[in-house]
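Only the coordinates and a few stated rules stand behind these numbers; no lab work does. Bear in mind the structure is a predicted one, so any value in this text is a computation, not a measurement. Glycine gets a Cβ as well: all are built from the backbone with ideal geometry, and neighbour counts include every protein chain shown.
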Amino acid sequence: MLRIPQIQDIAKVTSKLQNSKSMLPILLIEAAVIGGRSYQGYKRGGKDELRERVFEESITAAVWLGGIKGLNKLGDHFGKKYLKLDKLNYDVGKDALRNPSLHMPDATKVFKFSKIAASVLLTTSFMGFILPKIKQNMTKKVKEKELANYIKVLGRAPTMEEYVKNARSGGGTLNFKGSAPAWLTTVSHNLENHNIWRLVSTDAGIITGRVKSSRNKYEAREYAFRDIASMYFYMGSLSHTLLALNKASKTAKINPLAALETQKHIIKQMGEGKFSVKELGEKLLQGKPSAETVENIMKKSKIVELDTLKGIFDAETFKKAFKMSRMQPMINGKRVLSSVQIKDVLSNNWLSDPNYLNRMTIAATDGLSVTNAKFVSKKEVEAIRQSADNFAQNLLDFARKKGVGQIDAEFVENFARRNILKSAGFTAAGLVVACFGLGYLVPKLQQFITYKTTGEHAFPGTHAYNKDKHENT
């Protein structure tokens, strides 16, 4: 019997789809890219363009989804076995609050950068220079076989008139052309962990390779336009769609799993009680220290060591600070806190509870925030923390709008469910926009450019154009 997805299941999937480090959204988008570009290619260039699109897009997707990671793992195996390097599974990203690579040898840091750079170079070379030639040779062999069969049927070589007619229908011949400083650790971390960085790092070389490997200027123009235009739909359209829909619907942006943790925490604090909007607002968002108080403790530093707070905080407050400091691994054997965490330590509202904040952050980062070997930026953690306040404010605004006199646990649960379902819907809409752009809009526009330039709606990889219609203008 088919199980109906629960809100927890929806939250997990939506969280994965919104995660820039996850391969799930890329997998879904690539499926649309392969289908859309292949279909558009078949409509214009028949079997020749269909064959090339399916081959190229499928291999590219396979390399993108598994090739780079596979090369990284192979590099790690080499470094560990033959160079005797350790801590290769540690991230090299760092900021004031987290530094997993603090005790990593410089040789390991340099090796990680070199390994990643080599994987990018190999990927770029294969997809930009080698894959196009394999694809072109595949088509060339098919066309040579078709020509041989054509001659065999006619019993003679085709006339020029027959050849031109055949070329215009997609059977023409191919026209081949010859063809360990701080920044190092930051770049290494992003290339190893973020899809967008990997895409940008490889695309520049791939675009160059594809353009140089093109069979004629029309195909080169199509590749340049297609790959450059596609970058937006890979990198920005999903987040921009989410932002626009959240803003239009006045929905708080919060990780779905973080929203579930926040809902559970608020309901636990409420117990069986009911609260007016004003009362619940005070419980959730009030009781914060002044900015001056926090600044006096931080003393213009990005972090403060826990031990220095012993003479400043009373026993109960210091206990809360200790729990808050466990939201991140120790640095140099010392527990530290940020200014945002100090603010929560000195707050007395429900959302400043360190146990809840730790659970919420762990849920939103898939456990990476407390993993010694992994890096989650201070900026990302603080954005997650801010999203909890945004969720609470959105809850209060929604209650006011609905004219709710008393807010109970059921109202909070229904609101959280509503927020998660909207987040799932907005994410789906963002994926649709990306798939539409990559699988339909960009292919249509690239074909339109060739048509406007040549006056012919034909596949430039095999078609023999008469001339560029704007050549002499």
**Item:** Calculated from backbone phi, Karplus (6.51, -1.76, 1.60) coupling profile of the range 73-79 in Hz, x at Gly/Pro
**Value:** 5, 4, x, 4, 4, 4, x
**Request:** Before rounding to the nearest 500, sum -39500 (n - 2.57) across all DSSP H runs of length at least 4 in the chain and divide by the residue total; then give [θ] at 222 nm in deg cm²/dmol.
**Result:** -21500 deg cm²/dmol
**Message:** Can you compute 3J(HN,Hα) from phi for each residue in the range 208-217, using the Karplus curve 6.51 cos²θ - 1.76 cosθ + 1.60 with θ = phi - 60°, rounded to whole Hz and x for Gly and Pro?
**Reply:** 4, x, 5, 5, 5, 8, 5, 7, 7, 5
**Share of alpha-carbon pairs per 5 Å distance bin for the range 253-428, given as whole %** = 1, 8, 16, 20, 19, 15, 11, 7, 3, 1, 0
**Asked** Under a plain spin-label model, where a point goes 7 Å from the Cα along Cα-to-Cβ, how far apart in nm are ASN355 and LYS310?
**Response** 2.6
**Prompt:** How do LYS112, LYS140 rank when sorted from fewest to most other Cβ atoms within 10 Å of their own Cβ?
**Reply:** LYS140, LYS112
**Request:** On a C-alpha basis, how far is the centre of the range 22-51 from the centre of the range 223-243 in Å? Whole number, if you could?
**Result:** 16
**Near-label residues of the range 240-282 by backbone N, under 15 Å of a point 7 Å along Cα→Cβ of GLU413** = 260-274
**Asked** Measuring from the lowest to the highest alpha carbon on each principal axis, how far does the range 388-468 reach, largest first, in angstroms?
**Response** 76, 19, 18
**Request:** Could you tell me what % of all Cα pairs in the chain have separations over 35 Å?
**Result:** 49
**Request:** Just order 258-269, 422-433 by mean Cβ neighbour count inside 10 Å, highest at the front, would you?
**Result:** 258-269, 422-433
**Item:** Cα-Cα over 31 Å, subset of LYS16/LYS81; LYS212/LYS378; LYS16/LYS268
**Value:** LYS16/LYS81; LYS212/LYS378
**Item:** the range 270-330: projected area of the alpha-carbon convex hull, averaged over directions, in nm²
**Value:** 6.1
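List, in the order given, every pair from LYS253/LYS444; LYS73/LYS444; LYS300/LYS374; LYS274/LYS422 whose Cα-Cα distance in the structure shown is over 32 Å. The partial results should precede the final answer.
On the way: LYS253/LYS444 34 Å; LYS73/LYS444 38 Å; LYS300/LYS374 27 Å; LYS274/LYS422 26 Å.
As for pairs spanning more than 32 Å Cα to Cα, those are LYS253/LYS444; LYS73/LYS444.
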